[in-house]
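Reading through the structure tokens given below for one structure.
The values are calculated or read from the model by the stated rules, or taken from the named source; none is laboratory data. This structure is a prediction, so every number in the text was calculated from the model and none was measured. Methodologically, a virtual Cβ is constructed for each residue, glycine included, from the backbone with ideal geometry; neighbour enumeration extends over all protein chains shown. All accessible areas refer to the heavy atoms of the entire protein, side chains included, with ligands and DNA or RNA removed. Shrake-Rupley method; radii C 1.70, N 1.55, O 1.52, S 1.80 Å.
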Amino acid sequence: YLGLASEERLKNRGVSACAVCDGAFFRGQDVVVVGGGDTAMEEASYLAKIARTVTVVHRRDCFRASKAMIERVGRNERIRLLLEHVVLEVLGDEVVTGVRVKNLSSGQEHVVACSGVFVAIGHTPMTDLVRGQLELEDNGYVRLVRPGTTRTRVPGVFAAGDVADWSYRQAVTAAGTGCMAALDAERWLAETDA
């Protein structure tokens with residue numbers, strides 16, 4: 001998230017970090033996506049199928065996303081790009097009604113009317129608890145020893161959900177890998193008792 005008091009106040013009232021989870025609530029409405037990487041481009045592309053318009057707000061003058069993702073977003077008539085802009089405030093009393101943005105080049109501020117704000121500026125896994133105890137990927141997620149399992153390099157320690165999944169980041173996949181971890185742990189216990 002952006003760390004704005006107005007954003008915190010309006011979480012689940014129009015502020016979201018998951019277009020797949022919450023996008024359907026904004027069918028036919030105007031929404032804003034904040035970010036400039038592949039995640040933001042994916043969110044914008046997904047929302048453009050549902051929302052009336054999508055405005056992507058990014059603080060830099062170019063995107064960090066892959067060329068293919070940028071081209072896909074650029075071709076979509078429902079998506080508008082606001083480069084070199086930052087969100088200063090999420091507007092609304094009970095629900096989101098817009099965002100106040102600032103142009104970093106000119107210093108000018110204006111309001112973008114919207115019903116939803118999707119923050120897609122990256123995810124930081126909550127792996128500080130295991131830092132120094134488990135091997136982590138360069139992006140901070142727990143490294144698994146073999147794809148398709150939840151095993152780590154430490155025998156008897158398994159990783160699932162948001163500490164190990166940087167690709168899907170959905171509640172349903174977290175629950176699924178949680179089940180995998182339980183089965184992997186059960187098998188490990190059976191093997192070590194033998």
message = Two decimals, Cα atoms only, Kirkwood Rh: what is Rg/Rh over the chain?
response = 1.07
key: Solvent-accessible area of TYR1 with every protein chain in place, 1.4 Å probe, in Å² to the nearest 10   = 120
inquiry  = Given Cβ point charges of +1 (Lys, Arg) and -1 (Asp, Glu) and nothing else, what value in debye, to the nearest 20, does the dipole of segment 25-119 about its Cα centre take?
reply    = 340
Positive-end extreme of charge dipole, segment 1-160 - chosen from VAL57, GLY132, PRO155 (charges on Cβ) = PRO155
ask   = For segment 73-95 and segment 1-53, what is the separation of their C-alpha centers, rounded to whole Å?
value = 9
task = With a probe of 1.4 Å, find how much accessible area the chain has per residue, and write the answer as a whole number in Å².
result = 58
query = Round to a whole number: what % of the accessible area of segment 36-194 belongs to carbon and sulfur, probe 1.4 Å?
reply = 52
task = Would you compute, from DSSP H runs of 4+ residues alone, the mean residue ellipticity of the chain at 222 nm, taking -39500 (n - 2.57) per run and dividing by the full residue count, rounded to the nearest 500?
result = -8000 deg cm²/dmol
query = Kirkwood hydrodynamic radius for segment 72-124: how many Å is it when counted over pairs of different Cα atoms?
reply = 12.6
ask   = Leaving out same-chain residues fewer than 8 places away, which aspartates and glutamates sit with a Cα under 15 Å from that of LYS49?
value = ASP22, ASP30, GLU77
ask   = With charges only on Cβ, +1 for K and R and -1 for D and E, what is the dipole size of segment 77-168 about its Cα centre, in debye, rounded to 20?
value = 380
note = Cys residues of the chain with no disulfide-compatible partner (no other Cys Cβ under 4.7 Å) are CYS62, CYS114, CYS179
inquiry  = With +1 on the Cβ of every Lys and Arg and -1 on the Cβ of every Asp and Glu, and nothing else charged, how large is the dipole of the chain about its Cα centre, in debye rounded to the nearest 20?
reply    = 520
inquiry  = Need one word for segment 122-194: rounded, prolate or oblate. Basis is the Cα gyration tensor (sqrt eigenvalues a ≥ b ≥ c); a/c below 1.5 gives rounded, then a/b vs b/c decides.
reply    = oblate
request  = Search the structure for amide H atoms under 5 Å from the amide H of THR152, placed 1.01 Å from N in the peptide plane, and list their residues when 5 or more places away or on another chain.
outcome  = VAL145, VAL157, ALA159
³J(HN,Hα) computed for each position of segment 22-31 - Karplus, 6.51 cos²θ - 1.76 cosθ + 1.60, integer Hz, glycine/proline x = 10, x, 4, 5, 10, 4, x, 10, 8, 10
key: Sparsely packed GluC sites (Glu not before Pro) within segment 106-194, loop by DSSP, other Cβ within 10 Å at most 16   = GLU135, GLU137
note = Taking a ≥ b ≥ c as the square roots of the Cα gyration tensor eigenvalues, with a/c under 1.5 meaning rounded and otherwise prolate when a/b beats b/c or oblate if not, segment 1-88 comes out oblate
